[in-house]
1. Grab the Cα-Cα distance for ASP308 and ASP357, subtract it from 0.36 nm times how many residues apart they are, and report the gain in nm with one decimal.
2. Just to be sure I understand: with springs between alpha-carbon atoms less than 10 Å apart, which residue in ALA56, ALA221, ALA143 has the highest mean-square fluctuation in the Gaussian network model of the chain?
3. Of all the accessible heavy-atom surface of the chain, with the other protein chains kept in place and a 1.4 Å probe, what percent is carbon and sulfur?
4. Work from the charge dipole of the chain (Cβ charges, +1 for Lys and Arg, -1 for Asp and Glu, about the Cα centre) and give the residue of VAL41, TRP106, SER275 farthest towards its positive end.
5. With springs only between Cα atoms under 10 Å, which of GLY368, GLY90, GLY334 fluctuates most in a Gaussian network model of the chain?
6. Evaluate the charge dipole of the stretch 19-254 about its Cα centre and quote only its size in Debye, nearest 20, assuming +1 on the Cβ of each Lys and Arg and -1 on the Cβ of each Asp and Glu.
7. List the trypsin sites (Lys or Arg not before Pro) in the stretch 197-244 that DSSP assigns to loop (not H, G, I, E or B) and whose Cβ has at most 12 other Cβ atoms within 10 Å. Which are they?
8. With a point put 7 Å past each Cα toward its Cβ, work out how far CYS288 is from THR115 in nm, to one decimal.
Amino acid sequence: MAPDTGTAKTPPANDADARELAQEDLQALFDALTARGWTVVGPTERDGAVVLAELASADKLPYGVGVALAPGGYRVRRREDRAAFAHSAGPQSWKTFLHPERARLWQADRDGDGTVTFTPDAEEKSPVPRYALLGVHPCDLAAIARLDRVLTGGAFRDPVYTPRREAAFVIAVACGEPGELCFCASVGTGPGLRDDAPCDLAVHEIAGDDDVRLLISAHSARGAEVLADPRLPVRDPDPQLPELARCQTEAAERRMGRELEAEGLRDVLAETLDSPVWDEVASRCLTCGNCTMVCPTCFCTTTEDTTDLTGDHAERWRRWDSCFDLDFSYVHGGSVRTSGRSRYRQWLTHKLGTWHDQFGSSGCVGCGRCIVWCPVGIDLTVEAARLREEAGASEEGTA
Ligand code: SF4
Ligand code: SF4
């Protein structure tokens, strides 16, 4: 099975329409976006991490902030340059803004004569947040494409995700600084942006000793309109900039901290369902569900009903759920997956295996977040390699 290819590894080095913007002029991009009704969401340093948040101005970006990652470990570090997008695997992903953790689905009210009125809360009936997502790395761009497939690509179009996604303006930034736990190159989702990457603007951030320059290409009609905004002080790029961008991407590809061999992985997982590897992982896994919360492609939800004390007002809310929760597989009479072993196995075999059958690609884009934010440092690339080794050993044994 070939690696899925949401984005390619080569930057659009010869993009004739690319423009150059100095980092100190990023506020003009904010102004061009907010003038068109978008609220900018992007990275910022807060509480010892690079988080994603609504940003009032360009000076909130995390200039000169990098991250150091390890299984179960994360800390910010100071960089020698002032790059704003040279970090990876924060505790959030963009799904927080497109597929929010909590959403009210409907409200019900009972009036004096007992008549109950239901009012749906689907966002197409109310103002939809219009986010400009600034700084989407290629792995996360591929993750948004996976969510598009799941939440809008079939007969059912999710009423919360769909309008938010359609309203969103996406500014992707090629990755020049992969983290110690990144493996986008081996699953074909990065670190570069290909010419047809599904975004509105594609950016390469080139940090030099004295300055930081942005090479920007439009990937949509509205991206072209923003790039042509007269208040944006863009210019013809320095002829060396595309080549610098290409070299940066190639260097990033060589510095991937992890690798996941995607070829044939779906079949490997299907053949190793009874492997002792699952028991060993389960002896470490806390079934906390962190890996699913931080994963940019995990989309599962549950619903909760609430009432007020009078019983005249009720609401149904949707919130993120995790296949690591015991109740997640509760059906009549009890849970189907009662052990940590069965829950971890469900997560990994779905993410890397049966996702292909359901949605035509892997559910993993190689961002590394589940490794970073697992409190006991379980590493899916290591576990997948162990299972592959075991499948190979059993094949040799039967040959
Ligand atoms: S499974 Fe892990 S590495 Fe893959 S997309 Fe999810 S969080 Fe990222
Ligand atoms: S693999 Fe790690 S993050 Fe995921 S449920 Fe187990 S302990 Fe939690």
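1. Numbers: separation 49, 0.36 × 49 = 17.64 nm, distance 4.31 nm.
Gain in length upon complete extension: 13.3 nm.
2. Its mean-square fluctuation being the largest, the pick is ALA221.
3. Carbon-and-sulfur percentage of accessible area, whole number: 49.
4. Checked the options; the winner is TRP106.
5. GLY334
6. Details: 27 positive and 37 negative charges, 117 e Å.
Using only the charged Cβ atoms, the result is roughly 560 debye.
7. Within the stretch 197-244, the qualifying trypsin sites (Lys or Arg not before Pro) (loop, at most 12 other Cβ atoms within 10 Å) are ARG231.
8. 5.2 nm
The values are calculated or read from the model by the stated rules, or taken from the named source; none is laboratory data. Only a predicted model underlies this, so the values are computations on that prediction, with no experimental measurement involved. Every residue, glycine among them, receives a Cβ derived from its backbone with ideal geometry; neighbour counts consider all protein chains shown. Heads up: the accessible areas ignore ligands, DNA and RNA and are worked out on the full protein's heavy atoms, side chains in. Shrake-Rupley method; radii C 1.70, N 1.55, O 1.52, S 1.80 Å.
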